[in-house]
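The values are calculated or read from the model by the stated rules, or taken from the named source; none is laboratory data. These figures come from a predicted structure and were not determined experimentally. Virtual Cβ from ideal backbone geometry, glycine too; neighbours counted across all protein chains shown.
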Amino acid sequence: MIAPSNAIDSEESWDVVVIGAGPSGSIAALELARAGKRVLVIDKEAFPRFRIGESMLPHTNRVMERLGLMDRVRELPHVVKRGLEISFGDGRRDPAAIPFERMLGDTIKQTFNIRRSLYDQMLADVAMEAGAVYRFDDSVASIDHLARGDVRLQLDSGPIRANWLIDASGQGCVLGRHLGTRKLLDGYRNVSYFEHFEGVERPSGDRDGFATLAMCREGWFWMIPIDEKTTSVGVVLDEKLAKLIPVPANQRLDWCIENCPLVKHRLRDAVGPKTNEVVGDFSYTCEPYAGDGWFMVGDAAAFIDPVWSTGVSLGIDSGLQSARWIIDVDSGRMMAGAASRAYAKRITRLRSSFLSLISNFYDHSFRELLVSGHSPFKVDAAVVNMLAGEIFEGVPFRVRWRWELMQWFKELNRYRKVVEWIRPHSLLQSGGVALPAPQSGVVRGIKRRHRGQPSWQPS
């Protein structure tokens, strides 16, 4: 590992300043440094550090291969991810397998799960090897001027100038907050409780390496194997419903595990802490994503619900694209305004596609179809393509029409039994907490099974 520089010449200008040393910031720094740019990366924390978001999409492998980094990934402890399994939390049904090998077309059909502290450090090391300068334990105190060729920042360590700014500050949204553009999305106000465990029962055989997703009425669990022994376990809950859980926030994961039969069974012999980490998963956007001399990348641009593990893959893709557009503009191959518009259009398209996936997941009728195992016209294969993130370069027609057919089945299933109707398991009811009435507005996303009648009422 190369030691980061601790000296910044306040009179010296940089080609690009990157705020944030996570995957999106380091990928941008690497690409820019390889192109001969003088790059400074600043991060308010020291490395290595703990981060959630250990599960990747196959698109991540594509980027790693193109950048020559897959060998570095393989040197780190990791788990090869070949798909995921999904079920309802009551544990009465075997989880349905969603293997990436079912994907349509000739594409990458596996990826990896990995401890983020190791992955993020590796990317930072590679960027420093390419010539990028890193400064940890330093923060942006103010943004004093923002224009291409004249970016002026006040850091805790002193003033700095640059030609470009890339905001990869994650949910800190340094630039979005400065510009006043950060806006929360209605209907996606969740909170996550998570920790690492050893001894968790994992999928095996042809499901070896699969992540597991368990759905409940109030939210969903993840169980992600990240190395030979360690499994990342977490639960994402509607914020208002989470507040009804009768224990402190740092003990809610254990409470939820105890009240979810499937997850409780998988963790029956597990060893881990009784307290948990807490993160607010409030989805938001900071549009516009690019402007005069600046780009927002990864979670600094937009955050969407983590259910399909899109965060890191979208982050490294946007980091790479922002760097390449800066290189093109500086070389005269593209006008700055055109680069900003093209970048913003790409991020908007990807965000819209992922939001479609996420909104479907929170639809109970779609969940029933997803776990049914039925696949007329190979619609399930199209779903696998979408869930694997194969939308970065556009959705092929063979996938698109099957996805649209799945939407039709979803609507039909509300009124006619296309697949088995399944009553969702309630964590709150299992724990002796009364569910709010649907008309109270606390229970989100109640879909109607028959006209005038809620799909499921509390029992």
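A few notes on this one:
- Members of the range 143-167 that are without any contact (Cβ under 8 Å) to a residue 40 or more places away in the chain, among the charged types (D, E, K, R) and buried (at least 16 other Cβ atoms within 10 Å of the Cβ): Arg152
- Matching entry among Val312, Val271 (being in the same structural domain as Ile98 (by TED's automatic domain parsing) and either surrounded by fewer than 16 Cβ atoms within 10 Å (Cβ to Cβ) or closer than 26 Å to Glu390 by Cα (or both)): Val271
- Sole residue being crowded, with 17+ Cβ neighbours inside 10 Å, in contact with a Leu (Cβ under 8 Å, 6 or more places away or on another chain), of a type in the set (A, V, I, L, M, F, W, C) and in a loop (DSSP other than H, G, I, E, B), chosen from Ile391, Ile422: Ile391
- Inclusion of Gly205 among residues that are surrounded by fewer than 23 Cβ atoms within 10 Å (Cβ to Cβ), out of contact with any Phe, Trp or Tyr (no Cβ under 7 Å at 6 or more places or on another chain) and in contact (Cβ under 8 Å) with a residue 12 or more places away in the chain is not warranted.
- Among residues that are of a type in the set (Phe, Trp, Tyr), farther than 18 Å from Thr60 by Cα and out of contact with any Ser or Thr (no Cβ under 9 Å at 6 or more places or on another chain), Tyr284 is included.
- Extreme residue, modelled with the lowest pLDDT, among residues of the range 9-19 that are of a type outside the set (S, T, N, Q) and farther than 11 Å from Tyr134 by Cβ: Asp9
Conditions (1) at pLDDT 80 or above; (2) surrounded by 22 or more Cβ atoms within 10 Å (Cβ to Cβ); (3) at positive phi, marked per residue:
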position	(1), (2), (3)
Ser365	yes, yes, no
Ser372	yes, no, no
Pro376	no, no, no
Phe397	yes, no, no
Arg414	yes, no, no
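- Residue identified as surrounded by fewer than 20 Cβ atoms within 10 Å (Cβ to Cβ) and either assigned to a strand (DSSP E or B) or free of Cβ contacts under 8 Å to residues at least 24 places away in the same chain (or both) among Glu45, Glu85: Glu85
- Look at (1) at positive phi; (2) assigned to a loop (DSSP other than H, G, I, E, B) and you find that Arg333 fails only one, number (1).
Yes/no matrix, rows are residues, columns are (1) outside any loop (DSSP other than H, G, I, E, B); (2) farther than 28 Å from Gln321 by Cβ; (3) touching a residue at least 12 places away in the same chain (Cβ under 8 Å):
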{"site": "Ser353", "(1), (2), (3)": "yes, no, yes"}
{"site": "Ser365", "(1), (2), (3)": "yes, yes, yes"}
{"site": "Ala382", "(1), (2), (3)": "yes, no, yes"}
{"site": "Ala434", "(1), (2), (3)": "no, yes, yes"}
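So that you can scan it fast, the table gives a plain yes or no per residue for (1) in the same structural domain as Ala301 (by TED's automatic domain parsing); (2) more than 30 Å from Phe377 (Cα to Cα):
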{"residue": "Thr107", "(1), (2)": "no, no"}
{"residue": "Val133", "(1), (2)": "yes, yes"}
{"residue": "Ala141", "(1), (2)": "yes, yes"}
{"residue": "Arg152", "(1), (2)": "yes, yes"}
{"residue": "Ala162", "(1), (2)": "yes, yes"}
{"residue": "Cys173", "(1), (2)": "yes, yes"}
{"residue": "Phe194", "(1), (2)": "no, yes"}
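- Residue in the range 178-189 that is crowded, with 24+ Cβ neighbours inside 10 Å, outside any helix (DSSP H, G or I) and either on the phi > 0 side of the Ramachandran plot or of a type outside the set (Asp, Glu) (or both) present: no
- Residues that are more than 10 Å from Ser365 (Cβ to Cβ), of a type in the set (A, V, I, L, M, F, W, C) and in contact (Cβ under 8 Å) with a residue 12 or more places away in the chain within the range 405-421 comprise Leu405, Met406, listed in sequence order.
- Test: residue in the range 242-260 that is in contact with a Gly (Cβ under 6 Å, 6 or more places away or on another chain) and closer than 17 Å to Leu427 by Cα: yes
- Glu404 being modelled with pLDDT of 85 or more and farther than 30 Å from Trp255 by Cα: yes
- Here Arg341 passes the criteria (1) assigned by TED's automatic domain parsing to the domain that holds Phe50; (2) buried (at least 20 other Cβ atoms within 10 Å of the Cβ) except the one numbered (2).
- For the range 163-177, residues that are in a loop (DSSP other than H, G, I, E, B) and not polar (S, T, N, Q) total 2.
- Only residues that are of a type in the set (Ser, Thr, Tyr) and either buried (at least 22 other Cβ atoms within 10 Å of the Cβ) or under 21 Å from the mean Cα position of the chain (by Cα) (or both) were counted in the range 108-142, giving 4.
- Residue that is nearest to Ile86 (Cα to Cα), among those in the range 394-419 that are part of a loop (DSSP other than H, G, I, E, B) and under 25 Å from the mean Cα position of the chain (by Cα): Val395
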